[in-house]
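The values are calculated or read from the model by the stated rules, or taken from the named source; none is laboratory data. Predicted model, so just to flag it, every value in this text is computed and none were measured. Methodologically, a virtual Cβ is constructed for each residue, glycine included, from the backbone with ideal geometry; neighbour enumeration extends over all protein chains shown. These area figures cover heavy atoms from the full protein model, side chains too; ligands, DNA and RNA do not enter into them. Shrake-Rupley method; radii C 1.70, N 1.55, O 1.52, S 1.80 Å.
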Amino acid sequence: MTQAAAPTPSLVRASSAARALNLIGDRWTLLTLYAAFMGQTRFDGFVTLTGMARSLLVDRLGRLEAAGMLEKRVYHQRPLRHGYHLTAMGKDLYDAALMVLRWETRWHYDETSPSHRIVHTACGKPLVAELVCGACDRPVEARDVELAPGPGAGFEPAPRARLQRRSTAERAQPLAPMLERSIAVLGDRWTAHLLAAAFYGRRRFKDLQAELGVATNILADRLSRLTDLGMLERRLYQTRPERWEYRLTPEARDLFPLIAVLMAWGDRWLSGSAGPPEVLVHKPCGQPLKPKVRCGECHGAVDVKSTRLSETSSRATAPSR
């Protein structure tokens, strides 16, 4: 009996943002990274902060270590114990973390959240991070950029389906109201990929399916989910038969800075010798966009070393949009 040939994997357009989301676009991975940025290094500390089952934490720590974002360091010899520390690659995701917090504080402000106790040490003010163009220092919004092919442009196999179902992934106790909202939008790989594809201008079902290489039932489920969350709105473009397109809402469009910094991170760490597959051009200055995160108060640079948690929050009202 002749063995059947293995099915050819579907191909999708190469994208640094998609590659980044393949690594971190998962509820438990986001929680693990959150704990790492909050200073946790020991296994029990991760469990306490995230509420994750130990088996899940072992898996996600292993994934992040294999991807090069965490490294194990011995802190006790007998018995042997390891801590988990962010590598340079992991620390470089700090801009993405700040863009998540920026979006949350603008749209789902909660003064009780620990994330509102982040202070920019250079000016002493509560941090409201903003994304600007590295060439012209102007704030960046989605309408200000256009996408062009990069040196690594092409196609690559669509990501393999994961064993964990979304419904299973959502059975967790809330860590914090703000983080839970981010995870509702970003903590499932396909919802995050779908938002990224929408930023690329894909609006119709068949175009989104071709962009993502996703099964129709999964795509229909995630479109419904993002519509319910207020991130997408349906618009009728054909009546016989009815056909709908999906457009980003203002709240969703305000996530563009996160997509931009994830794309830049993927360019730095995941492009390989081929180079970035895509280039964002900042239309106001005509230069390739090199995202730069700065403090919205003093316009100073922001990184892990220049921020700290304050004991109390000095904000009484939600930031304006």
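Values for this structure:
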{"item": "Any hit, the stretch 227-245, residues being surrounded by 13 or more Cβ atoms within 10 Å (Cβ to Cβ) and either polar (S, T, N, Q) or within 18 Å of LEU147 (Cβ to Cβ) (or both)", "result": "yes"}
{"item": "Those residues of the stretch 91-102 which are in a loop (DSSP other than H, G, I, E, B) and open to solvent by 30 Å² or more (accessible area, probe 1.4 Å), in sequence order", "result": "ASP92"}
{"item": "So THR41, is it of a type in the set (S, T, N, Q) and touching a strand residue (DSSP E or B) at 6+ places or on another chain (Cβ under 6 Å)", "result": "yes"}
{"item": "Condition met for SER273 (surrounded by 14 or more Cβ atoms within 10 Å (Cβ to Cβ) and of a type in the set (Ser, Thr, Tyr))", "result": "no"}
{"item": "Residue in the stretch 113-124 that is surrounded by 17 or more Cβ atoms within 10 Å (Cβ to Cβ), in contact with a strand residue (DSSP E or B) (Cβ under 6 Å, 6 or more places away or on another chain), more than 27 Å from GLY150 (Cα to Cα) and of a type in the set (Lys, Arg) present", "result": "yes"}
{"item": "The stretch 247-268, subset out of contact with any Phe, Trp or Tyr (no Cβ under 8 Å at 6 or more places or on another chain) and more than 17 Å from PRO291 (Cα to Cα), residue most open to solvent (accessible area, probe 1.4 Å)", "result": "PRO250"}
{"item": "Qualifying residue in the stretch 104-117 (condition: modelled with pLDDT of 90 or more and of a type in the set (Ser, Thr, Tyr))", "result": "no"}
{"item": "Number of positions in the stretch 150-161 that are open to solvent by 30 Å² or more (accessible area, probe 1.4 Å) and either free of Cβ contacts under 8 Å to residues at least 12 places away in the same chain or under 22 Å from the mean Cα position of the chain (by Cα) (or both)", "result": "7"}
{"item": "Filtered residue count, the stretch 277-301, keeping only those that are open to solvent by less than 40 Å² (accessible area, probe 1.4 Å), modelled with pLDDT of 95 or more and in a loop (DSSP other than H, G, I, E, B)", "result": "3"}
{"item": "Odd one out for THR191 among (1) open to solvent by 20 Å² or more (accessible area, probe 1.4 Å); (2) assigned to a helix (DSSP H, G or I); (3) among the β-branched types (Val, Ile, Thr); (4) touching a Leu at 6+ places or on another chain (Cβ under 9 Å)", "result": "(1)"}
{"item": "Top-ranked residue in the stretch 302-313 [being surrounded by 12 or more Cβ atoms within 10 Å (Cβ to Cβ) and in a loop (DSSP other than H, G, I, E, B); ranked as modelled with the lowest pLDDT]", "result": "SER313"}
{"item": "Qualifying residue in the stretch 68-89 (condition: closer than 25 Å to GLU180 by Cα and basic (Lys, Arg))", "result": "no"}
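Rundown of residues vs (1) of a type in the set (Gly, Ala, Ser); (2) more than 30 Å from VAL279 (Cα to Cα), yes/no style:
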site	(1), (2)
TYR34	no, no
MET38	no, yes
LEU56	no, yes
ASP59	no, yes
GLY68	yes, no
TYR84	no, yes
MET89	no, no
